[in-house]
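Asks: What follows is a structure written as structure tokens; I'll ask about it next.
Bear in mind these aren't lab numbers, they're just calculated from the coordinates by the rules spelled out. It should be emphasised that the depicted structure is a prediction, and the values quoted were computed from it without experimental measurement. Cβ: placed from backbone, ideal geometry, glycine included. Neighbour counts: every protein chain shown.
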Amino acid sequence: MNIKQWLQAEYLPIPLITLMVLTRFHHFGDVLHLPDASLAVFFFAGFYRKKAFLGFLLALAALIDYIAIKNGTSSWCVSPAYVFLIPTYAVMWFAGRYCSKFKSMKITELTMQFGLLILAASAAFAISNGSFYLLSGRYDGFGWVQYGLRIAQYYLPYVGYTLGYVVAGWSIVKLFNALPDMRPKYEELDRRN
């Protein structure tokens, strides 16, 4: 197996699972931890059309949250709104699936993908935060405007980290796809021996 094969959809779950496990414990990160890559992970799962993987990633996210809370992470975000993480992540998965239709590196297609990614991450932000406002019971005295002003500070990091992970992921895939395939040389050497 060469690196190109490893980066193909067949082997994609390994790095996506690893990235989610390594980053999900701290949503915005800190000095010792990377920011949460969950939105980007769901985007890539959709991009590479891993339909069955969507349910697995949803279960993995819940399991990671459960373990984190049992080990001392705050459970502030766990409320009846938690179930709305399903449509939050599904938005990213469907955006990835749609973006997979664009195969070239033309500026128009890249712009469309980038725009759709920003739109999907913004929708994910609205779904997760809107449902939390409505269903968590923690903001009964707040109006929509007050709540919106309070969470606005989190919008840019939420979308920005997602964009950063996706751009980094695409760059890695494009870099490895540009490398020459070394497998025929190794197969030729094996035949000679």
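Asks: Taking the number of other C-beta atoms within 10 Å as the exposure measure, put TRP93, TRP76 in order starting with the fewest.
Replies: Sorted ascending by nearby Cβ count, the order is TRP76, TRP93.
Asks: Find how much the distance from GLN146 to ALA68 grows on full extension, using 0.36 nm per residue of separation minus their present alpha carbon separation; answer in nm with one decimal.
Replies: Fully extending the segment from GLN146 to ALA68 adds 25.1 nm.
Asks: Got a sec? Charge dipole of the range 95-184, +1 on Cβ for Lys and Arg, -1 for Asp and Glu; which of TYR158, ILE127, LEU116 is way out at the positive end?
Replies: Farthest along the dipole direction, towards plus: LEU116.
Asks: Could you give the length gained on full extension between CYS77 and TYR154, defined as 0.36 nm per residue of separation minus the Cα-Cα distance, in nm?
Replies: 26.3 nm
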